[in-house]
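In what follows, a structure is listed as structure tokens, so that the remarks can point back to it.
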Amino acid sequence: MPFNDLFAAAGISGSGMTAERFRMEVIANNVANANSTRSANGGPFRRQDVVFAEVLGGAVRPGGGPTLRGVRAVDIVEDPSDLNRVHMPGHPDADADGFVLMPNVQLPIEMVNLVTAARAYEANLKAAQTFRTMNEQALSLLR
């Protein structure tokens with residue numbers, strides 16, 4: 001086993017924490033723009049989501065596939081679901097009938113996603129802490 005493979009677990013946990021932190025930032029952006037009727041693209045804000053991909057190493061494991069080196073965020077995609085139409089005749093973005101297109105952000109869904117991302121971050125942190133504790137114990141045995 002190469003020396004670098006000894007620390008692969010720490011790298012995988014670190015990449016998971018980085019990816020989940022980025023996911024939490026995107027969720028926070030969704031919540032912050034839940035009532036934004038104007039965006040840089042024109043029209044109301046559209047909910048965004050993060051796409052993850054595995055990071056593979058160059059070595060081949062005994063089972064035949066490449067070794068896993070972690071995860072990374074590869075893209076941010078917009079949710080194509082329908083925008084909400086709300087009757088607000090006095091709103092500056094209202095159409096001729098008084099309806100305003102509102103973002104497709106649903107706060108309960110965003111909160112569930114935020115809790116899920118936070119738990120995944122905590123799981124990666126716990127794995128990194130366990131790896132560190134195991135290494136410390138192994139070093140103390142060598143003394």
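Structure summary
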| read-out | value |
| --- | --- |
| Placed amide H near D79: partners under 5 Å, 5+ positions off or other chain | R47, Q48, D49 |
| Segment L114-Q48, extension gain: residue separation times 0.36 nm, minus the distance between their alpha carbons | 22.5 nm |
| Separation of the A10 and L142 label points, Cα + 7 Å toward Cβ, nm | 1.2 |
| Structure-derived mean projected area of the Cα convex hull in nm² - corresponding label in [x] 8.6; [y] 9.2; [z] 12.0 | [z] |
| Calculated FRET value between R85 and N35, using beta carbons and R₀ = 25 Å, to 0.05 | 0.95 |
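Rule-based calculations on the coordinates, nothing more; no lab input. Not measured: the values here are computed from a predicted model. Don't worry about glycine lacking a Cβ; one is built from the backbone with ideal geometry, like all the others, and counts go over all protein chains shown.
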